[in-house]
Amino acid sequence: MKNTIIMLFISIFSLLSTNLLTFSFNYDMSSLNRKGLKAWQKENHEVAKSYFEENAINHPQDGRLHYNLGSALYKNEEYDVAEEEFERALRDNKFQNKSEAYQNLGNIHSNKQDYKKALENYRSALIENPQNIDARHNYELTSQLLQRQQQQQQQQQNQDGEKEEKEQQQQQQQKGEEKKNEEKEEEQKEQQPQQDENKDENNQDEDKAEPEMKDSEQDKSKEEKEDILRAIIEKEKEDRQKEKEELRVRPKSGRYW
C-alpha cells in the first residue's frame with residue numbers, strides 16, 4: 001500500500017510539472033520558446049531544456065523563461081537545478097504564475113522526502129492562489145506522508161534509545177565485573193604475603209620438629225645400647241658367680257698327704 005501511494009504521489013507531481021507558459025512579444029524569445037514547446041510535446045525534454053536554457057540566458061530577468069526551464073529540468077529529474085530556476089522565476093515581481101512555481105518547488109521537496117519544506121511550498125502556492133486544487137491535494141497527501149515519516153522516525157528513535165540503554169547496561173555490568181575482578185586481585189595480593197609468612201612458619205616448625213625427632217631417635221638408640229651393655233655386664237657377673245660356686249663345691253680327687 002505504501003509503494004502504491006508513493007508511486008501515485010510521484011506520478012501526480014510529474015503531471016503537474018507540465019504546465020508551460022506561452023507568450024509572444026519578442027520574436028527570438030518566442031521562436032525559441034515555441035521550439036522548446038514542440039520538443040516538450042514530443043517528450044524530448046532534453047532538447048526542450050536546451051531551448052529554454054538559451055532563452056533564460058538571453059533574458060535572465062524574465063521569470064517565465066526560468067519557469068519553463070525549471071519544468072524541463074524537473075522532467076529530466078535534475079531537481080536541484082530545477083529548484084534554482086523556479087526560485088529565480090519567483091524573484092521576478094512581474095511573474096504571475098507564482099502559485100504554480102511554489103507548487104513545483106513542493107513537488108521537488110516531496111520527491112526528496114523533505115515533507116516539511118514541501119508543505120511550506122504548497123501552503124505558499126495556496127496563498128498565491130486558493131483555487132489551486134492540485135496544490136491543495138498535494139498538501140493533504142504530503143501531510144499524511146509527513147505524519148507517517150514522523151511516526152517511523154519516532155519508532156526508530158525508540159529503538160535506538162532502547163539499544164543505547166541496553167548497551168549502557170552492558171557496559172555498566174562489564175565495568176562492575178571488571179571492578180570485582182580488580183578487587184579480587186587486590187585481595188589476593190594482600191593475602192599473598194600472609195600466606196607466604198604462614199608457609200614460612202610451617203616450614204620452620206617442620207625444620208624444628210625434624211631435629212627433635214632425630215634427638216629422640218638418638219636417645220632411644222643410646223638407651224638400647226645401655227640396656228644391652230647392662231645385660232652383658234649382668235651376664236658376666238652371673239657367669240663369674242657360677243664359676244665361683246662350682247669351685248666351692250667341687251670334690252677333691254687323689255690321695256691325702
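Rule-based calculations on the coordinates, nothing more; no lab input. Keep in mind it's a predicted model, so treat the numbers as computed, not measured. Here the Cβ is made from the backbone with ideal geometry for all residues, glycine too, and neighbour counts use every protein chain on show.
Observations
- Region 44-134: C-alpha gyration tensor shape, a/c 1.5 cut-off, then a/b vs b/c: oblate
- The stretch between Lys94 and Lys116, if pulled fully straight at 0.36 nm per residue, gains 5.1 nm over its current Cα-Cα span.
- Electrostatic tally near Gly176: other residues with Cβ closer than 12 Å to its Cβ, Lys and Arg +1, Asp and Glu -1, net -1.
- Put simply, when 74-83, 174-183 are sorted by average Cβ atoms within 10 angstrom per residue, most first, you get 74-83, 174-183.
- Difference of contour (0.36 nm per residue) and Cα-Cα distance, Lys222 to Asp160: 13.3 nm
- Cross-linked pairs Lys75/Lys117; Lys75/Lys98; Lys42/Lys75; Lys222/Lys244: Cα-Cα separations exceed 23 Å for Lys222/Lys244.
- Ordered by the count of other Cβ atoms within 10 Å of each Cβ, fewest first, Arg123, Arg91 give Arg91, Arg123.
- Each principal axis of the Cα atoms in region 24-90 has its own extent, and those three values, largest first, are 30, 27, 13 angstrom.
- Charge dipole of region 149-198 (Cα centre as origin; +1 on each Lys and Arg Cβ, -1 on each Asp and Glu Cβ, all else neutral): 380 debye, rounded to the nearest 20.
- Extension reserve of the Gln131-Tyr27 stretch, reckoned as 0.36 nm per residue once the Cα distance is removed: 34.1 nm
- 3J(HN,Hα) along region 147-164: 4, 5, 4, 5, 5, 5, 5, 5, 4, 5, 5, 5, 5, 5, x, 5, 5, 5 Hz, from the Karplus curve 6.51 cos²θ - 1.76 cosθ + 1.60 with θ = phi - 60°, whole Hz, x for Gly and Pro.
- Per-peptide average of other Cβ atoms within 10 Å, ordering 161-173, 136-148 highest first: 136-148, 161-173
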